[in-house]
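This report concerns only the one structure given below.
Computed from the coordinates by the stated procedures, all read-outs in this text should not be read as laboratory data. These figures come from a predicted structure and were not determined experimentally. Cβ placement follows ideal geometry from the backbone for every residue including glycine, while neighbour counts extend to all protein chains displayed.
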Amino acid sequence: MTAMCDVAFLLLTFFILTAKFASQDPVTISIPTSISEIKIPEVDICKIIISKDGKVFFGIDNQEKRDQLIRKMGEKYKIKFSDKQIKKFSVLDIWGTPMQLMPKYLDLSNEQRFKPENIIGIPCDSTNNELAFWLQFAREVNPKMKIAIKGDQQTQYPVLKKVLGTLQDRNENRFNLITGLEANPLDDATVTKK
Amino acid sequence: MAEISESSDKKGKKKGAKKLATHIDMTPMVDLGFLLITFFMLTITLSKPQTMEISMPSKENNDDKKTAIKASKAMTIILGQKDRVFYYFGTREKEVDPVPVKTDYSPEGIRKVLLAKNDSVVKAIKGLRKQLSDQKITQDTFKSKSRIVKNSRNAPIVLIKALDESTFKNFVDILDEMQICSIGRFAIVDITQYDKDLIKTIDN
């Protein structure tokens, strides 16, 4: 019994120490694979998610930065957020709500937020490009930020083009695409076989 | 829950000194331990996802930085619907259209073409990689040298154009092929009507 207990707690310690919680995405994304082996940084990251049906989500790490970000966005869109709403926003990992609906969205409970009717996506059309402002202010609150795009395999190119176009307009020309790992078919092991 | 069981059994050592045997029931603690383990195992992400770095040209000073590329070095890849890829070499010259070819993302498809086109660079990179594995050169020299090789004048320039029907997977796949085939000079360009017309004949 003691031995089992020891093992159990050893494992527990291991898992606690290595744990990095998976942030829950508002939509399920199956990412494409690539041979690239560059790891995604954990801090100073700005994540843009593009879902299968073309919805765009945005998120940055660090609660304080999110706090500053929503204040700036509120100023820009002349929306007054209560302290409670700002607090709620600062714990969101990723969000995809047009600014006009943001106060309402923040008042929702956690379960309601994941309901399909509340997952709308950030508008990034040329007429109403909120993504551009999110990017602009996110860059202001964190100049070191790196941009990572996570897209679903089935995401259609026009949406991606819109997002890439927005990035280019904002002069963000270096960014990362999040992918799964795949073996390099030209690595020595496979080459020598041929 | 911890129970302290005094040895109250009368059969045992009656005459011996009355020892207070402390026995703690550990079952609930172990239960909790395993419960927590299960919880952590299910919630953690052990492997971080990989990323692929790309840099796009900036939109602003595009005009003065525009580089004319040699038609003989240029290759255009068009990403089509249903995982189709089209490619052609060069551009329209002397009223003669380039001939587009239809292929796919398999190793025998676009990769073979790219490897053939980029043969000299691939060989050079392979040589460098061998030197690296033999520890003749360091990782840094490998990186800088391979960058020079990849951007050499003789290396092909690949223009990637995606049709609206193509998917993100296609996009990542083709960028991945660029990496696999050691192509250093490639650009993501908007598709033109000319390209659309060109592939219309074979896209069926």
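Per-residue Karplus couplings for the range A:63-78, computed as 6.51 cos²θ - 1.76 cosθ + 1.60 with θ equal to phi - 60°, are listed in order as 4, 4, 5, 5, 4, 5, 4, 5, 5, 5, 5, x, 4, 4, 9, 6 Hz, Gly and Pro entered as x. Neighbour counts of other Cβ atoms within 10 Å put B:Glu108, B:Glu165 in the fewest-to-most order B:Glu108, B:Glu165. Residues of chain A were split at every exposed loop site, defined as GluC sites (Glu not before Pro) in a DSSP loop with at most 13 other C-beta atoms within 10 angstrom, and the longest piece left, sites excluded, is A:43-194. The mean count of C-beta atoms from other chains within 10 Å of the C-beta of residues in A:173-182, rounded to a whole number, is 6.
Backbone phi angles across the range A:46-62, fed through the Karplus curve with coefficients 6.51, -1.76 and 1.60 (θ = phi - 60°), yield HN-Hα couplings of 10, 10, 10, 10, 10, 7, 4, 8, x, 8, 10, 10, 9, x, 10, 7, 6 Hz in residue order; Gly and Pro are listed as x. Counting Cβ atoms of other protein chains within 10 Å of each Cβ in A:40-50 and taking the mean gives 1.
With 0.36 nm allotted per residue and the present C-alpha distance subtracted, the B:Phe39-B:Lys143 stretch has 33.2 nm of extension available. Taking every Cα-Cα distance in the protein assembly as shown and sorting them into 20 Å bins starting at zero, the pair-distance distribution P(r) comes out as 21, 44, 24, 8, 3, 0 percent. Across the range A:24-183, Cα pairs under 8 Å and at least six residues apart give a relative contact order of 37 percent.
If you wrap the range A:24-183 in the convex hull of its Cα atoms and look at it from every side, the mean projected area works out to 9.2 nm².
I want the local charge near A:Pro26. Using Cβ-Cβ distances under 11 Å, sum +1 for each Lys or Arg and -1 for each Asp or Glu among the other residues. Counting the neighbours of A:Pro26, the net charge comes to +1. 3J(HN,Hα) along the range B:154-160, derived from phi through the Karplus expression 6.51 cos²θ - 1.76 cosθ + 1.60 where θ = phi - 60°, amounts to 7, 5, x, 10, 10, 9, 9 Hz, with x in place of Gly and Pro. Computed from the Cβ-Cβ distance with R0 of 41 Å, the FRET efficiency linking B:Asp104 to A:Asp125 stands at 0.80. Distant-in-sequence amide contacts of A:Met145, defined by a placed amide H-H separation under 5 Å and a gap of 5 or more residues or a different chain, comprise nothing. For the residue pairs A:Lys52/B:Lys82; A:Lys72/A:Lys115; A:Lys115/A:Lys162; A:Lys52/A:Lys161, alpha carbon separations beyond 19 Å are given by A:Lys72/A:Lys115; A:Lys115/A:Lys162.
Magnitude of the charge dipole for the protein assembly as shown, about its Cα centre and with charges confined to Cβ atoms of Lys, Arg (+1) and Asp, Glu (-1), is about 1000 debye. Mean per-residue shielding of peptide A:26-37 is 4, counting Cβ atoms of other chains within 10 Å of each Cβ.
Expressed in Å, the radius of gyration and Dmax of the Cα atoms of the range B:105-166 are 14.6, 47. Projecting the Cα positions of B:Asn118, A:Trp134, B:Thr22 onto the charge dipole of the protein assembly as shown (unit charges on Cβ atoms of Lys, Arg, Asp and Glu, taken about the Cα centre) puts B:Thr22 furthest along the positive direction. Calculate, in whole percent, how much of the Cα-Cα pair population of the range A:7-90 lies beyond 18 Å. Of the Cα pairs, 65 percent sit more than 18 Å apart.
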